[in-house]
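The values are calculated or read from the model by the stated rules, or taken from the named source; none is laboratory data. Predicted model, so just to flag it, every value in this text is computed and none were measured. Neighbour counts are summed over all protein chains in view; Cβ atoms, including those assigned to glycine, are modelled from backbone coordinates with ideal geometry.
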Amino acid sequence: MSVAAASQNDNIGDLQTRFQFAPEALVSDGRFNLGMYRDPFRNVNPLDARISLIPWSQQTKNLFLKEWEHFALANRRFFVSVALFNSKRIGLAHVVVYDRQTKSKVIHEKRLKPRLLEIPANLWDTRAAAAMPGLNIEIRHDLAQGRHHIAFEGERTKSRAGVQGLFVCHEDLEVIEPLVVCLPIRRRRAMYSHKAILPLEGRLRVGKETFIFSKEDSFALPDIHKGFYPYVMKWHWTTGGGYARDGRLIGFNFTNNQVKDQETYNENCLWINGRAHLLPPVRFSMNSNLLERPWHIRDVEGRVDLQFHPEATRSINMNLLVLRSRYRGPYGTFTGRIFDSGGNEVNVDHCFGMAEDFYLRA
């Protein structure tokens with residue numbers, strides 16, 4: 001074995017040794033429990049953190065906490081994005097159905113007052129929801145039973161088809177190894193997220209047609225997130241998955257964001273049949289003015305070498321004085337390779353997913 005290969009294997013081993021079991025709570029004695037964990041927190045309590053020298057109340061701290069739940073639901077034909085986002089200045093709920101066969105999108109999206117969004121503290125027998133004229137979303141979490149239930153309905157309008165979905169995402173913690181992280185953003189402040197790739201089943205109605213999602217060819221990519229971010233939030237992110245020719249369910253997540261010390265703390269991961277393989281920091285390379293061109297995602301160790309090929313892009317732009325948002329989220333295919341924690345090459349040419357070029361001032 002070469003010196004370079006030996007060094008890479010040492011780095012891989014070091015990453016995996018940081019992958020530990022989570023403590024009971026996200027925050028203990030006023031401090032975040034920083035780390036990368038292989039199981040969920042029982043108590044996700046960011047409002048118990050001392051985020052300032054001033055002893056702020058939980059109500060005050062809650063005004064600075066950004067929260068969202070996003071589930072990507074996919075099979076060989078459809079990629080469905082279901083999201084509830086609460087910046088505490090504005091709320092957003094959406095269902096986007098992308099048909100890979102026809103290259104078409106159906107978008108149901110609503111801005112709403114933050115108080116009308118329901119986002120729970122944890123994933124144990126809880127509910128996230130938003131209900132408003134024309135769009136209803138409900139996500140029920142039951143990790144004790146290893147399931148997330150997702151139901152949504154977007155009413156038909158003159159310009160877009162109605163959509164309806166009823167899904168079950170299977171997160172059996174005896175089989176699934178999520179990546180649960182608590183990562184430093186700045187002094188005293190941190191972010192939490194829970195990500196995985198999960199077997200999925202359910203049904204989707206678009207217009208008058210109903211489509212079945214079976215566990216044999218469908219998967220879900222959850223992104224549960226809470227963070228005390230700066231006034232300006234920005235990142236590049238991509239996630240994707242698919243079933244390999246040998247039947248293995250492959251998924252991955254890559255982010256370059258505002259987390260400090262990404263050599264030690266990041267949320268980059270490869271999943272193979274539920275098992276998580278931690279990965280080093282990555283860099284994104286793309287043409288910001290022409291995001292439909294390929295994106296490149298690479299790390300310095302040579303474990304990640306991906307191209308993302310956008311097929312369709314969704315954009316959100318808001319400029320409301322103190323609040324400004326620029327979001328661009330393409331859907332597309334991946335080519336390239338990732339090396340797992342054993343140094344084995346994993347081809348991702350069968351994978352589909354999404355990316356984000358994200359900026360929010362709120």
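Points worth noting:
- Selected residue (criterion: modelled with the highest pLDDT) from residues of segment 150-170 that are over 18 Å from Arg203 (Cα atoms) and not basic (Lys, Arg): Thr157
- Hits in segment 29-48 (condition: polar (S, T, N, Q) and either buried (at least 17 other Cβ atoms within 10 Å of the Cβ) or in a loop (DSSP other than H, G, I, E, B) (or both)): Asn33, Asn45
- Residues that are touching a residue at least 40 places away in the same chain (Cβ under 8 Å) and either in contact with a helix residue (DSSP H, G or I) (Cβ under 8 Å, 6 or more places away or on another chain) or surrounded by fewer than 16 Cβ atoms within 10 Å (Cβ to Cβ) (or both), drawn from segment 124-154: Trp124, Ala130
- Scanning segment 326-355 for residues that are hydroxyl-bearing (Ser, Thr, Tyr) and either part of a strand (DSSP E or B) or within 19 Å of the chain's Cα centre (by Cα) (or both) returns Tyr327, Tyr331, Thr333, Thr335.
- Residue list for segment 108-123, restricted to those being crowded, with 16+ Cβ neighbours inside 10 Å and touching a residue at least 40 places away in the same chain (Cβ under 8 Å): His108, Ile119, Asn122, Leu123
- Residue within segment 229-238 that is free of Cβ contacts under 8 Å to residues at least 24 places away in the same chain and closer than 22 Å to Asn347 by Cα present: no
- Residues that are within 18 Å of the chain's Cα centre (by Cα), closer than 25 Å to Gln20 by Cα, modelled with pLDDT of 95 or more and not in a loop (DSSP other than H, G, I, E, B) do occur in segment 130-145.
- The set of residues in segment 253-300 that are in contact with a Pro (Cβ under 8 Å, 6 or more places away or on another chain) and of a type in the set (Asp, Glu) comprises Asp261, Glu263, Glu292, Asp299.
- Residue pairs meeting the criteria (Cβ under 8 Å; at least 6 apart or on separate chains; first under 10 Å from Gly30 (Cβ atoms), in segment 44-58; second part of a loop (DSSP other than H, G, I, E, B) and aromatic (Phe, Trp, Tyr)): Ala49/Phe228; Ile51/Phe64; Ile51/Phe228
- The residues listed here are Val163, Val175; of these, the one that is in contact (Cβ under 8 Å) with a residue 12 or more places away in the chain and closer than 28 Å to Trp271 by Cα is Val175.
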